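The values are calculated or read from the model by the stated rules, or taken from the named source; none is laboratory data. What you see is a predicted model; the values in this text were computed from it and never measured. Glycine gets a Cβ as well: all are built from the backbone with ideal geometry, and neighbour counts include every protein chain shown.
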Amino acid sequence: MNQDRVKELLLSIEDVPLEFSVVFTGKKSKKVNGLYKPDTREILIHNHNFTDDNMLMYTAIHEYAHHVHSCAKGGKLTGRAHTAEFWSILHGLLQKAEGKGCYHNVFADSPELEALTETIRKEYLFENGTLVKELGKLLMQANEICGRIGARFEDYVDRVLRIPRLSAKTAMKIYQYNVNPSMGADNMKIVAGIRDEETRSAAEGALLSGKSPDEVRVAVARKREDEDPRVHLEKEKIRLERTIDSLNKRLEEVERALEEA
């Protein structure tokens, strides 16, 4: 495979508005397999690092993802190169490449790795997700009991359970939203952090269908950006009102405590 063929395959995966070049350096590097030069829009590949075309194509797609990212930013990349948006682009390109036969998924080649993956998913990711969901259920019960006995649930979380409040709230949301534990606890947290039911359902479906966490995060962020400004402001107003109500209640408690001190 030569550099012209690599470029042809990259364009078949996804076309781009800005011209770029693929250059085989004819070198072997111990540091990197390739790199992207945004100023000149060059994809450099140290082709002597590879013994098969499939791994070479993986590197080419990785570097091409930087170019696609640059195109999305108007031809300029600033700051960190490997952002969530970049990983989202790369994972999307790899899926397209697999579908077109330009790249073969190496993870499917090892029966040993496949068996281990199944064990991790069933015995650890699912079990861990289930435990977090059950924790959320028990925390909901504890919250209800605290309300009945006139105790602050946050104080119970802080001083009795000694777990971060955010972790407690997230576990409770996971239970309230009935998030599927098959995706594992970390991905369940992503889903539980989405307020809009439709968006939350779409994110859960995407994760369960094989989309990466970064792909889902970026898709959710874009949906929020495209949202009607008025709807966004109304939702923010509701959040602020809830925060103000909570702060007013806390202020009353502090004032009572000062009077009694």
query = So which of Lys237, Lys211 ends up being at pLDDT 80 or above and not assigned by TED's automatic domain parsing to the domain that holds Tyr177?
reply = Lys237
query = Identify, please: which residue in the range 68-87 is farther than 16 Å from Val16 by Cβ and assigned to a helix (DSSP H, G or I) and is, among those, modelled with the highest pLDDT?
reply = Trp87
ask   = In the range 55-83, which residues are surrounded by 15 or more Cβ atoms within 10 Å (Cβ to Cβ) and either touching a residue at least 60 places away in the same chain (Cβ under 8 Å) or not aliphatic (A, V, I, L, M) (or both)?
value = Tyr58, Thr59, His62, Glu63, Tyr64, His66, His67, His69, Ser70, Cys71
inquiry  = Being surrounded by 13 or more Cβ atoms within 10 Å (Cβ to Cβ), among the small types (Gly, Ala, Ser) and within 17 Å of Leu94 (Cα to Cα) is the filter here; which residues of the range 198-218 pass it?
reply    = Ala206, Ser212
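Conditions tested, residue by residue: (1) farther than 23 Å from Glu253 by Cα; (2) exposed (fewer than 13 other Cβ atoms within 10 Å of the Cβ); (3) aliphatic (A, V, I, L, M).
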| residue | (1), (2), (3) |
| --- | --- |
| Thr117 | yes, no, no |
| Cys146 | no, no, no |
| Arg152 | no, no, no |
| Tyr156 | no, no, no |
| Leu161 | no, no, yes |
| Ile174 | yes, no, yes |
ask   = In the range 11-39, how many are under 19 Å from Phe86 (Cβ atoms), assigned to a loop (DSSP other than H, G, I, E, B) and of a type outside the set (Asp, Glu)?
value = 7
request  = State whether one or more residues within the range 142-151 are in the same structural domain as Arg200 (by TED's automatic domain parsing), of a type in the set (A, V, I, L, M, F, W, C), touching a residue at least 12 places away in the same chain (Cβ under 8 Å) and part of a helix (DSSP H, G or I).
outcome  = yes
